[in-house]
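Notes follow once the structure below has been shown.
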C-alpha cells in the first residue's frame with residue numbers, strides 16, 4: 001500500500017537513491033525544504049551539460065497550468081529527462097487566489113492520471129492544507145505524491161537536527177541539538193547553517209555537544225534573550241542590562257524581545273507548577289511539547305522564583321506588551337522598566 005502523504009525526509013531519501021516519481025507535490029510553509037528538494041531533484045534528473053535546455057519554472061500566478069503541462073509533455077533536448085517546476089498552485093487549496101489567471105484543472109487531472117515518463121513535474125503549494133474535496137487533490141493523494149513541507153513543531157526540531165547531522169557524518173547529542181534550537185529558534189535555514197558550521201569544526205566522526213554549540217553558534221536574538229534570563233536568574237544585573245542594550249543597538253524589535261521573554265517565563269512557570277505536582281522532567285517535556293534538555297534548563301531557572309513571583313512577572317510582561325502596542329511609552333523604555341522590576345526578585 002502506498003503512503004498517502006510522505007514526510008519530507010522520506011521523500012528526500014528516495015530522491016537521493018534515484019527513486020524518482022514522475023509527479024511531486026510539495027505543500028507547506030517551509031520554502032527552505034522545497035528549495036532543498038528541488039536542488040536534489042536537479043542533481044538527479046538533469047545532466048549538467050543540458051540542464052539549461054531541460055529545466056523550466058512557471059509561476060502559476062502569471063501562467064496557466066496548461067503551459068507547465070505542455071512543457072512537461074515536450075521531449076527533452078539533448079538529454080534524457082526534463083524538470084518542470086510549477087510554483088504557487090494555490091488553486092489546489094481552499095484559499096481564494098488574487099490572480100486573474102484561469103487554470104484548466106481537467107488538463108491537470110488528465111496529466112496526473114497519465115504523466116509522461118521523460119519529465120519530472122513538480123507542483124509547489126505554499127499552504128499547510130490542501131482542498132481534499134477537489135478531484136485532482138484526491139487523485140494526487142491516492143497515488144502517494146503529496147510531500148509535507150510544513151513547519152516543524154518545537155519537539156520535532158531536535159530529531160530533525162540529529163538526523164541531519166548524519167549527513168555530515170557526525171554525531172549530535174540530544175542536549176546539543178536542544179541547545180541549538182534554544183539559541184537559534186525554529187528557522188530551519190538558520191539551524192541548517194549553524195549545524196553545517198559546527199559539523200565542519202568537529203570533523204567527520206566528531207561529536208556535537210552543548211560545549212561546541214556555545215562556542216561556535218552565531219549569536220541570535222533568541223540566544224541573547226536566553227542569556228538575559230540566565231543573567232537575571234543568577235542576579236547578574238549589569239550583564240543583563242548590557243545584553244539588552246546590545247540587542248537594542250542592533251535594532252532588534254523590542255516587541256520580539258518581549259515575546260521571547262514571555263515565552264520562556266511561561267515555560268518556567270509551567271515546569272514550576274508541574275514539579276510541585278510531582279511530574280518528572282520527561283513528563284514535563286512531553287506535556288509542554290519541548291525537549292527534555294530544555295525542560296531541565298527551565299527547572300533550574302524556576303528554582304530562582306516562587307510561583308507567586310512568576311505569576312507577577314507574567315502579569316508585568318502582559319502589561320508591557322499592552323503598553324508597547326498602544327504606544328503609551330517608548331518601547332525600549334518599556335523593556336528597561338521591566339528589567340528594573342525583574343531585578344527586585346532576589
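The values are calculated or read from the model by the stated rules, or taken from the named source; none is laboratory data. Computed from a predicted model, the values in this text were never measured in an experiment. Positions of Cβ are generated from backbone atoms using ideal geometry, with glycine treated the same way; all protein chains shown enter the neighbour counts.
Return the total of residues in region 136-147 being surrounded by fewer than 17 Cβ atoms within 10 Å (Cβ to Cβ) and either in contact with a helix residue (DSSP H, G or I) (Cβ under 6 Å, 6 or more places away or on another chain) or part of a strand (DSSP E or B) (or both).
1
Does residue 178 satisfy the condition of being touching a helix residue (DSSP H, G or I) at 6+ places or on another chain (Cβ under 9 Å), buried (at least 18 other Cβ atoms within 10 Å of the Cβ), in contact (Cβ under 8 Å) with a residue 24 or more places away in the chain and over 23 Å from residue 265 (Cα atoms)?
When the stated conditions are applied, residue 178 does not pass them.
Determine, yes or no, whether residue 108 is modelled with pLDDT of 90 or more, assigned to a helix (DSSP H, G or I) and buried (at least 19 other Cβ atoms within 10 Å of the Cβ).
In short, yes.
What residue, of 32, 53, is under 17 Å from residue 73 (Cα atoms), assigned by TED's automatic domain parsing to the domain that holds residue 126 and either in a helix (DSSP H, G or I) or modelled with pLDDT under 90 (or both)?
Matching residue, one of 32, 53: 53.
Might you let me know whether region 70-80 holds any residue that is surrounded by 16 or more Cβ atoms within 10 Å (Cβ to Cβ), under 18 Å from residue 126 (Cβ atoms), in contact with a strand residue (DSSP E or B) (Cβ under 9 Å, 6 or more places away or on another chain) and at pLDDT 90 or above?
no
What do you reckon, is residue 224 surrounded by fewer than 20 Cβ atoms within 10 Å (Cβ to Cβ), within 22 Å of residue 158 (Cβ to Cβ) and in contact with a helix residue (DSSP H, G or I) (Cβ under 7 Å, 6 or more places away or on another chain)?
yes
Residue 107 - would you say it is assigned by TED's automatic domain parsing to the domain that holds residue 127, in contact (Cβ under 8 Å) with a residue 40 or more places away in the chain, out of contact with any strand residue (DSSP E or B) (no Cβ under 9 Å at 6 or more places or on another chain) and more than 19 Å from residue 127 (Cα to Cα)?
The answer is yes for residue 107.
Does any residue of region 152-160 turn out to be modelled with pLDDT under 85, surrounded by fewer than 16 Cβ atoms within 10 Å (Cβ to Cβ) and out of contact with any helix residue (DSSP H, G or I) (no Cβ under 8 Å at 6 or more places or on another chain)?
Yes, the conditions are met somewhere in region 152-160.
Select from region 1-29 the residues that are more than 17 Å from the chain's Cα centre (by Cα) and assigned to a strand (DSSP E or B) and write down the one among them that is farthest from residue 166 (Cα to Cα).
Restricting to residues being more than 17 Å from the chain's Cα centre (by Cα) and assigned to a strand (DSSP E or B), the top hit is 23.
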